[in-house]
């Protein structure tokens with residue numbers, strides 16, 4: 001049942017993203033969605049570092065840390081992409097790097113190491 005809900009939720013978010021992009025003319029473009037946070041679009045040029053990511057699914061909610069590498073992207077472009085994409089998917093923007101949806105919070109942090117930008121997405125249950 002939980003897998004069915006997750007699959008339906010993913011399709012709903014994908015459909016919402018497509019509608020918003022088509023109606024608004026926004027340049028939000030995701031090649032795919034994350035395999036770790038299924039309703040998180042991955043920006044073109046970004047790939048998941050699954051060996052460095054962590055997932056804990058507890059009764060109180062999901063705790064996920066996803067690390068993605070973006071060797072050809074700039075921090076400002078990544079933050080703009082998610083600033084456009086996440087609200088289009090129903091997330092509410094709290095700060096430039098923090099969004100909330102249905103009792104969950106996602107934080108986006110970046111770190112430049114040599115020529116590679118690393119993006120860390122931290123998903124936690126919201127405060128009750």
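Residues that are assigned to a strand (DSSP E or B), more than 11 Å from the chain's Cα centre (by Cα) and more than 13 Å from residue 118 (Cα to Cα) within the range 40-54 comprise just one, 54. Checked against (1) in contact with a helix residue (DSSP H, G or I) (Cβ under 9 Å, 6 or more places away or on another chain); (2) free of Cβ contacts under 8 Å to residues at least 40 places away in the same chain; (3) surrounded by 12 or more Cβ atoms within 10 Å (Cβ to Cβ), residue 40 passes all but a single condition, namely (2).
Tell me whether the range 17-35 contains one or more residues that are surrounded by 15 or more Cβ atoms within 10 Å (Cβ to Cβ) and modelled with pLDDT of 90 or more. The answer is yes, given that some residue of the range 17-35 is surrounded by 15 or more Cβ atoms within 10 Å (Cβ to Cβ) and modelled with pLDDT of 90 or more. Does residue 82 satisfy being at pLDDT 95 or above, under 14 Å from the mean Cα position of the chain (by Cα), surrounded by 13 or more Cβ atoms within 10 Å (Cβ to Cβ) and not in a strand (DSSP E or B)? Considered against the rule, which asks whether it is at pLDDT 95 or above, under 14 Å from the mean Cα position of the chain (by Cα), surrounded by 13 or more Cβ atoms within 10 Å (Cβ to Cβ) and not in a strand (DSSP E or B), residue 82 comes out as yes. When residues in the range 53-64 are screened for being crowded, with 18+ Cβ neighbours inside 10 Å and either within 15 Å of residue 33 (Cα to Cα) or in contact (Cβ under 8 Å) with a residue 24 or more places away in the chain (or both), 1 of them pass. Answer yes or no as to whether residue 67 is part of a strand (DSSP E or B), touching a helix residue (DSSP H, G or I) at 6+ places or on another chain (Cβ under 6 Å), at pLDDT 95 or above and surrounded by 13 or more Cβ atoms within 10 Å (Cβ to Cβ). Here the answer is yes, as residue 67 does meet what is asked. Might you let me know whether the range 87-97 holds any residue that is modelled with pLDDT of 95 or more, assigned to a helix (DSSP H, G or I) and either over 15 Å from residue 33 (Cα atoms) or in contact with a strand residue (DSSP E or B) (Cβ under 6 Å, 6 or more places away or on another chain) (or both)? Looking through the range 87-97, at least one residue is modelled with pLDDT of 95 or more, assigned to a helix (DSSP H, G or I) and either over 15 Å from residue 33 (Cα atoms) or in contact with a strand residue (DSSP E or B) (Cβ under 6 Å, 6 or more places away or on another chain) (or both). The set of residues in the range 104-128 that are surrounded by 13 or more Cβ atoms within 10 Å (Cβ to Cβ) and in contact (Cβ under 8 Å) with a residue 40 or more places away in the chain comprises 104, 106, 117, 118, 119, 120, 121, 122, 123, 124, 125.
The values are calculated or read from the model by the stated rules, or taken from the named source; none is laboratory data. Every value quoted in this text rests on a predicted model; they were computed, and no experiment measured them. Cβ coordinates were reconstructed from backbone atoms using ideal geometry, including for glycine residues, and neighbour counts include every protein chain displayed.
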